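Data block below; observations after.
The values are calculated or read from the model by the stated rules, or taken from the named source; none is laboratory data. Worth saying up front: this structure is predicted, and the values here are computed from it rather than measured. Here the Cβ positions follow ideal geometry from the backbone for every residue, glycine too, while neighbour counts run over all protein chains shown.
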Amino acid sequence: MRDHTVVVGYGTKGRSATQAVCAAGLRKDQIVVVDPSQKMVDAAIAEGFTGVVGDGTRSHVLRKAEAHRAGRVIIATQRDDTAVLVALTARQLNPNTTIVAAVREEENAPLLKQSGADEVITGAGAAGRLLGLSVLSPSAGRVMEDLMQQGRGLDLIERPVTKAEVGLSPRETADLVVSVVRGHRVLGYDDPDLGVLELTDRVIAIVRVPEPEPPRPGITLT
C-alpha cells in the first residue's frame, strides 16, 4: 500500500476516526488498523479495513502496516505514554507522513508534538469545553456536536479554491468560509493579511450536507 491511512488503536476513538475519514470520502481499502487485541482487529476487518495485530510502538509492527509509506497516521491509543512512543516510531519510519494523535491530558500534548505529531487533539479538554458550552448555551452545543459528526447536518470541510472564487473575499463565496490555508499558514476569514482568495489557497468552510433522498417505493409484480 502507499499513501494510505494507518490507525493505531481501535477503541472508541479509533473507530470514530475511521468513521469520520470514511464519511469524508476515504475508501476502506486505504485504511489499515493496528491494535494489540485480536478481537479489535477482527472487528476492524469485519468493517472492511485491513488489520494488523501488534504493539504500535514497535517498528516491525508499523512496517507490517506499511506506515513507512503511509500518507497519514492516526494515533488513538488508550494511554498518553503509548501515544508518545507510537509517534516517535512512526516519525522515525516516515519523516513525511502527517501524524495526528489524541491524548487524554492537555499537559501531555507538547510532549507528543515534540515526539513527531503534527496535530494533537486533547480528548478530555475537548469534551470538557463542549460540556461547558452546552450548559451555557445548549443551542451552540448542539451546533458544535453537529459539526463533529461527519456526513450529516453541518460539516466542516477543507477544499481548494475554485477558479470562479479567485479574487473574491472569503465572505463573497457561496460557502461559509471560516479560515484560509495559504502555504503553511492558517488565516482567519477576517485576517488583515489575507486580502482576496488566490488559486493556490485552500478554504476551510462550513457546509450543509444534503439530506439523503427517501427510498422510492418498490413495484411488486404478481
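Quick notes
- When the residues of segment 95-104 are filtered to those that are within 19 Å of the chain's Cα centre (by Cα) and either surrounded by fewer than 22 Cβ atoms within 10 Å (Cβ to Cβ) or modelled with pLDDT of 95 or more (or both), the one that is nearest to residue 65 (Cα to Cα) is 97.
- Residue within segment 46-59 that is farther than 14 Å from residue 14 by Cβ, under 20 Å from the mean Cα position of the chain (by Cα), not hydroxyl-bearing (Ser, Thr, Tyr) and not in a loop (DSSP other than H, G, I, E, B) present: no
- Within segment 180-203, tally of residues that are of a type in the set (Ser, Thr, Tyr) and modelled with pLDDT under 90: 1
- Condition met for residue 57 (at negative phi, of a type outside the set (D, E, K, R) and buried (at least 17 other Cβ atoms within 10 Å of the Cβ)): yes
- Filter pass, residue 50 being in contact with a helix residue (DSSP H, G or I) (Cβ under 9 Å, 6 or more places away or on another chain), over 25 Å from residue 104 (Cα atoms), free of Cβ contacts under 8 Å to residues at least 60 places away in the same chain and of a type in the set (S, T, N, Q): yes
- Single condition residue 171 does not satisfy, out of (1) at pLDDT 85 or above; (2) surrounded by 14 or more Cβ atoms within 10 Å (Cβ to Cβ): (2)
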